[in-house]
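The values are calculated or read from the model by the stated rules, or taken from the named source; none is laboratory data. These numbers come from a predicted model, not from an experiment. A quick note on method: Cβ atoms are made from the backbone with ideal geometry, for glycine too, and the neighbour counts reach across all protein chains shown. The accessibility values were calculated without ligands, DNA or RNA, using every heavy atom of the protein model including side chains. Shrake-Rupley method; radii C 1.70, N 1.55, O 1.52, S 1.80 Å.
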Amino acid sequence: MPRLLVVAPNWIGDALMAQPLLARLREKLPQSRIDVLAPAWVAPVVRRMPEVSGVIETSFEHGKLKLRERWKLGRTLKALGYDQAIVLPNTWKSALVPFFADIAIRSGYVGESRYGLLNLLYRKQLEREPMALHYARLGEAPRAEIRQPLTEPKLSLDAAAAQRTQERFGLGGRYAVFCPGAEYGPAKRWPYFKELAERCALPVVLVGSAKDREHCAAVKGRNLAGETTLDQAIELIAGAQLVVANDSGLMHVAAALGRPQVALFGSSSPKHTPPLSAKARVLWLGIECSPCYARECPLGHFRCMRELGVEQVLAKMGSDPIFQK
């Protein structure tokens, strides 16, 4: 039985955009064991992917080398006898554990000049392409054509557990989930969630990390930012009648749960990181300076989000049948 180790991205959204790769690997090698090496803050999402056999959770701090700890983990994983490692992040340090584990085939994009650390190298396309396609290429030989369309991400859900979580937070019946945060930076944060909540016909629940709590405080609704685990946030989103989110990890979670949602883009592009769901609707002005992919607006005017008004979101919600069910 082939044994594969996939090194997951460090962002929740990127991990979900890598799920089509995992689906392709499972399709090609149905009897294989596919383990995923994932940061602690990403692991709860990966555990809900049906293609994954097991999750190896790491505690490496974001941006830290932790060379000795990576060496020790690699030597531990050597005993598991993996046949191939597929490294999704582009960083040099992300390729260290498979190298230390003496995994025979270590594949990934060249990234930070990872010659030697990886021995099956891929080069990214000249034009920026959808991130899901970028990852899916690692499931084929270098330069091979990719069969499309890709499988959409889908997270498993225990309906009874989700119901208990919703009841624990006092949620019953129909409600909307708003996700005003964006871990990447303020250039991704739409500034009108407060105004939208005041005009929303459904009770509003605000979901996000502790870093988002102050940002959510001004929005009318139940502020649960920082009060849930990621698993609980997933289960709350699963029960939502409607989700409104910035381009963020929770946007991709809502897509993978098949929830009707409006996804708001500003400094990033829905051509690169779209919510992969037939029930997602994207709003993006695509002004002349967007996408800039900056954490903060480099020009200071923030037009890409500031000019995306509440009326446009309400019009989308009012005209599309997916929001009327």
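Structure values in brief
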| read-out | value |
| --- | --- |
| Cβ pairs under 7 Å, 6+ apart, first in the stretch 233-251 and touching a residue at least 12 places away in the same chain (Cβ under 8 Å) and more than 16 Å from Ser156 (Cα to Cα), second among the β-branched types (Val, Ile, Thr) and open to solvent by 10 Å² or more (accessible area, probe 1.4 Å) | Asp247/Thr273; Gly249/Ile12 |
| Subset of the stretch 269-321 (residues that are closer than 15 Å to Trp190 by Cα, in contact with a helix residue (DSSP H, G or I) (Cβ under 7 Å, 6 or more places away or on another chain) and not in a loop (DSSP other than H, G, I, E, B)) | Leu283, Val310, Val313, Leu314 |
| Matching residues in the stretch 145-162 - criterion: being surrounded by 12 or more Cβ atoms within 10 Å (Cβ to Cβ) and without any contact (Cβ under 8 Å) to a residue 24 or more places away in the chain | Ile146, Asp158 |
| Residue in the stretch 26-46 that is among the hydroxyl-bearing types (Ser, Thr, Tyr) and free of Cβ contacts under 8 Å to residues at least 24 places away in the same chain present | no |
| Qualifying residue in the stretch 215-226 (condition: more than 23 Å from Val52 (Cα to Cα), in contact (Cβ under 8 Å) with a residue 24 or more places away in the chain and part of a helix (DSSP H, G or I)) | yes |
| Filtered residues of the stretch 33-50 (kept if touching a strand residue (DSSP E or B) at 6+ places or on another chain (Cβ under 6 Å), open to solvent by 10 Å² or more (accessible area, probe 1.4 Å) and not in a strand (DSSP E or B)) | Ala40, Arg47 |
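Every residue, every condition in (1) within 30 Å of Lys271 (Cβ to Cβ); (2) in contact (Cβ under 8 Å) with a residue 60 or more places away in the chain; (3) part of a loop (DSSP other than H, G, I, E, B), yes or no:
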residue: Asn90; (1), (2), (3): yes, no, yes
residue: Leu96; (1), (2), (3): no, no, no
residue: Phe99; (1), (2), (3): no, no, no
residue: Asp102; (1), (2), (3): no, no, yes
residue: Arg106; (1), (2), (3): no, no, no
residue: Gly111; (1), (2), (3): yes, no, yes
residue: Leu121; (1), (2), (3): yes, no, no
residue: Gln125; (1), (2), (3): yes, no, yes
residue: Arg128; (1), (2), (3): yes, yes, yes
